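This report concerns only the one structure given below.
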Amino acid sequence: MSDLPENLLHLIKSDLPPTKKCFSFLRKAIMAGYLKKGQHIVERELVELLGISRSPIREAIRQLESERLLAHYPNKGCVVVGLSVRDIREMYELREVLECFLVRRIVAEGDRVGLEALRRRTISEYEVRNKRCSGDDVSFNFHLSLLGLVEHRWLKRFLGQLEDYIDQFHVLSYLRKGREERAFEEHIALLDAMIGGDPDGAERLVREHIEASLKALMAASSLF
């Protein structure tokens with residue numbers, strides 16, 4: 001493995017527990033398209049690259065097999081399965097349903113102080129992204145913080161898990177020229193609608209944002 005992107009290099013250097021490090025590395029590499037469908041996973045290479053033993057690597061591989069991102073085939077070993085266009089579209093369809101429910105719930109609960117604080121934070125992080133984090137980190141921080149504004153255990157669980165998957169795609173969608181800036185503008189418009197107590201407007205903006213994100217991902221990605 002050579003010419004690793006920055007987010008994968010960061011994982012290699014991290015102090016994460018061995019199994020989590022390997023799991024996170026492989027999942028990000030698969031979902032970002034660095035590891036291609038049909039590519040073999042070689043334990044020896046991962047031992048050398050990640051500086052960990054084979055045992056946590058095998059456990060991470062088992063976890064990824066349960067997510068159907070990897071598979072074992074007779075006489076072939078461990079192979080990348082990856083995600084299909086249908087998989088991605090279904091994720092975004094489910095995200096749209098859950099996030100529309102989320103923004104309506106936020107408006108109903110009326111946490112104006114929390115929304116205004118998130119608006120200030122979103123602007124601040126966007127302005128300093130080149131010093132502190134990349135655009136994909138800003139986007140994920142926004143969605144995670146938005147989810148934190150409601151008291152709904154099951155929504156947090158299911159949407160949080162889904163956002164964890166979709167987080168892997170932000171860096172790809174932002175390869176589309178101008179997408180990062182437009183996503184920031186969409187986030188601010190969504191916050192303004194919720195601060196203004198407009199659930200219908202907020203839902204419409206969520207649908208438009210998710211549709212634009214999916215289009216940018218499909219246009220920029222070599223995965224599909």
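The values are calculated or read from the model by the stated rules, or taken from the named source; none is laboratory data. Predicted, not measured: the structure shown is a model, and the values here were computed from it. No Cβ is skipped: glycine too gets one built from the backbone with ideal geometry, and neighbour counts run over all protein chains shown.
Some notes on this structure:
- Glu186 vs. criteria at pLDDT 90 or above and either among the aliphatic types (A, V, I, L, M) or within 25 Å of Gly110 (Cα to Cα) (or both): yes
- Residue match in region 71-85 (condition: in a helix (DSSP H, G or I), of a type outside the set (A, V, I, L, M, F, W, C) and within 23 Å of the chain's Cα centre (by Cα)): no
- Residue in region 38-58 that is basic (Lys, Arg), surrounded by 12 or more Cβ atoms within 10 Å (Cβ to Cβ), assigned to a loop (DSSP other than H, G, I, E, B) and in the same structural domain as Ile12 (by TED's automatic domain parsing) present: no
- Filter result (farther than 26 Å from Ser173 by Cα and without any contact (Cβ under 8 Å) to a residue 12 or more places away in the chain) within region 67-86: Ala71, His72, Tyr73, Pro74, Asn75
- Residue within region 5-25 that is among the aromatic types (Phe, Trp, Tyr), in a loop (DSSP other than H, G, I, E, B), surrounded by 14 or more Cβ atoms within 10 Å (Cβ to Cβ) and in contact (Cβ under 8 Å) with a residue 24 or more places away in the chain present: no
- Pairs where the first residue, in region 32-51, is farther than 15 Å from Leu64 by Cβ and the second is loosely packed, with under 15 Cβ neighbours inside 10 Å and of a type in the set (A, V, I, L, M), C-beta under 9 Å, 6+ apart: Glu45/Met1; Leu49/Met1; Leu49/Ile12; Gly51/Ile12
- Any hit, region 103-110, residues being out of contact with any strand residue (DSSP E or B) (no Cβ under 9 Å at 6 or more places or on another chain), assigned to a loop (DSSP other than H, G, I, E, B) and assigned by TED's automatic domain parsing to the domain that holds Gly160: yes
- Close contacts from region 94-112, counting a first residue that is touching a residue at least 12 places away in the same chain (Cβ under 8 Å) and a second that is surrounded by fewer than 17 Cβ atoms within 10 Å (Cβ to Cβ) and of a type in the set (Gly, Ala, Ser), with Cβ to Cβ under 7 Å and a gap of 6+ residues or different chains, come to Val107/Gly197.
- All conditions but one from (1) modelled with pLDDT of 95 or more; (2) in contact with a His (Cβ under 7 Å, 6 or more places away or on another chain) apply to Glu163; the one that does not is (1).
- Whether a residue is in the same structural domain as Ile106 (by TED's automatic domain parsing), assigned to a loop (DSSP other than H, G, I, E, B) and not hydroxyl-bearing (Ser, Thr, Tyr) was assessed, and Gly201 does not pass this test.
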